[in-house]
Amino acid sequence: MSEATDLFRASRDQLLDWYGDHGSAVDGFRFPEMPSPFNWVCDWFDAVADGNDARALVVVEEDGSSTAHTFAELRERSRAVSAWLADLGVRRGDSVIVMLGNRVELWESMLAIMRLGAVVMPTTTAVGPAELVDRIERGDARHVIVDAADVDKFDDVPGDYTRVSVGAVPSDAWHTFADGYDVDGSGVGHPGTSPEDRLLLYFTSGTTSRPKLVEHTQVSYPVGHLSTMFWLGVRPGDVHLNISSAGWAKHAWSCFFAPWIAEATIVVLNYARFDPQTLLRQLREQEVTTFCAPPTVWRMLIKSDLSGGSGSLRELIGAGEPLNPEVIAQVQQHWGMTLRDGYGQTEMTAAIGNTPGSPVKPGSMGRPLPGIPVVLVDPLSGSRMDGEGEGEICLDLEGPLGRPLPLMTAYQGDPERDAEAMAGGCYHTGDLAARDAEGYITYVGRTDDVFKASDYKISPFELESVLIEHPAVAEAAIVPAPDEVRLAVPKAYVSLAAGHEPSPELAQQILAFARDNLAPYLRIRRLEFAVLPKTISGKIRRVELRGLEDDAAADGVRRDAEYRYEDFPELRS
């Protein structure tokens, strides 16, 4: 064992010992200062995997079949692929686009690239040629590893880069990934990477503008996700399943780093289409103990049949967007278990969370996690806030803990945006939250999503949480609709649950439901049934909906499909 292995294990075991004791973990934990050289694959994964025949990864296919891969198997196969990639010209510091779905080659690629000291650029299979051109240019990608089904996208992507296909393709321009298994990888050693060396380049999902390019180091995610492991509650021998699309940061959080830090088994579903009942069946058949999914999935699950029970589940977690209290209540009612929320970004690891064994306040994201210096900052004055109050979630860059280890280095190629994000001795997340007397933090909204109506501040999330309690509402997005009298009024864009169709009668019912469950100043004044626009990572693009409202107001017209509160005199009774 290397010094780095021992140091990392000691920190990991500290947090495992504090399972269920949030206060002691926050008071006592500090991220380890890793020595140089350090490489998480060589110094941790390989050490854990050596001779280890426990399951590391289980891939479940759409037909219900599954394939299990042990730690030892993934170690040897990824070493062989490392040697093969090196023969193809992959060098330390090179950026490599990995554009694969939930298949074993994704994990083998990431391990192999990291082991060489090269840089992984995870990329969703949903992107097209235009996005790929941007990613290759801004990320200076020199190699790509792509599913055979997507190689045609690169026909219109210029550049001198190595092309590797997972699956054979009829083209001499592409190397076949499976050839790497036949190479002797025993000679692949430690790349000599330093903790500050680049490891990952992530593009954000771009809900409001061009995607940002986020740089992480050899420690910021591999070591920083100790906080994520503690929040998830995943432990050695656990079976962890996370619903997240490959190519996004949350996939690395819960389908790569955190479970393998804990020496747990990762289960992934290689499905083209999500089906709630199939997911529930796999949770039970695979004896999953810890399960994490975004609120969209949880909302679909609670509208499904949960009568089959929770199986072997011990930990239930929501991530990606804030959890609505109604979803938490429904899961508690059906399974008698508490669904826990948390908070983080592509730019960092998990920073805030309801941790195992701690009291959970429905609607709250929890409290700052061990080693993460969360502060709230007044968005107007820029001053840091003590005690209760509402402000922007920030990370303290200059406090007793120093610069947070899990935080990105910078936004690459965007010094203005980077300077704005790191202003005033803090990293600014752009998210607003309220903190109560016990330190619990509740999401309010994005700084650019919160708006005023009749001089009252409106948090879209608060209104959306009420709307989805209506049985006909699957998802909702609240945006400001310009109004001559009130400046703006809350408008709901509503996506309906299965079995419900748009109609004036249903619009009236939903508006009445909102009236009965919201304070008068929060009343939803307009409603439109719609398919909600989303980023390719699944987050609602409220900026598009706000644009529709602004365009209608500029043209002095009412949107054709819009229902208004005043359309229904019965609502005033």
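The values are calculated or read from the model by the stated rules, or taken from the named source; none is laboratory data. No experiment lies behind these values; they were computed from the predicted model shown. Neighbour counts are summed over all protein chains in view; Cβ atoms, including those assigned to glycine, are modelled from backbone coordinates with ideal geometry.
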Worksheet item: Here is a list of conditions, (1) touching a Phe, Trp or Tyr at 6+ places or on another chain (Cβ under 8 Å); (2) modelled with pLDDT of 95 or more; (3) part of a loop (DSSP other than H, G, I, E, B); (4) farther than 14 Å from residue 227 by Cβ, and residue 312 meets all of them except one; can you say which number that is?
Response: (1)
Worksheet item: Is there any pair linking a residue in segment 405-427 that is more than 26 Å from residue 228 (Cα to Cα) to one that is in a helix (DSSP H, G or I) and of a type in the set (Lys, Arg), with Cβ under 8 Å and at least six apart or on different chains, and which?
Response: 413/138
Worksheet item: Residues in segment 223-232: is at least one assigned by TED's automatic domain parsing to the domain that holds residue 79 and surrounded by 21 or more Cβ atoms within 10 Å (Cβ to Cβ)?
Response: no
Worksheet item: Is it the case that segment 338-347 has a residue that's closer than 28 Å to residue 289 by Cβ and either assigned to a helix (DSSP H, G or I) or free of Cβ contacts under 8 Å to residues at least 24 places away in the same chain (or both)?
Response: yes
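Listed here are the residues, each with its yes/no results for (1) in a loop (DSSP other than H, G, I, E, B); (2) of a type outside the set (D, E, K, R); (3) surrounded by fewer than 24 Cβ atoms within 10 Å (Cβ to Cβ).
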site	(1), (2), (3)
333	no, yes, yes
357	yes, yes, yes
360	yes, yes, yes
375	no, yes, yes
393	no, yes, no
401	yes, yes, yes
Worksheet item: Going by the structure shown, is residue 507 over 31 Å from the mean Cα position of the chain (by Cα) and surrounded by 20 or more Cβ atoms within 10 Å (Cβ to Cβ)?
Response: yes
Worksheet item: Within segment 111-132, is even one residue buried (at least 18 other Cβ atoms within 10 Å of the Cβ), in contact with a Leu (Cβ under 7 Å, 6 or more places away or on another chain) and more than 24 Å from residue 192 (Cα to Cα)?
Response: no
Response to the item:
Selection over segment 384-426 where residues are farther than 17 Å from residue 351 by Cα and not hydrophobic (A, V, I, L, M, F, W, C) yields a count of 17
Discussion item. Here is a list: 439, 399, 499. Which entry is within 30 Å of residue 203 (Cα to Cα) and small (Gly, Ala, Ser)?
Written reply: 399
Discussion item. Could you check segment 453-482 and list, in sequence order, the residues that are in contact with a Lys or Arg (Cβ under 6 Å, 6 or more places away or on another chain) and at negative phi?
Written reply: 453, 477, 479, 481
Practice prompt. Could you list all residues from segment 513-527 that are assigned to a helix (DSSP H, G or I) and over 31 Å from the mean Cα position of the chain (by Cα)?
Written response: 513, 515, 516, 520, 521
Worksheet, complete the sentence: Among helices (runs of 4 or more DSSP H) completely within segment 39-143, the ones holding 3 or more residues that are within 15 Å of residue 255 (Cα to Cα) are 104-115
Worksheet item: Is it the case that residue 510 is of a type in the set (Val, Ile, Thr) and assigned to a helix (DSSP H, G or I)?
Response: yes
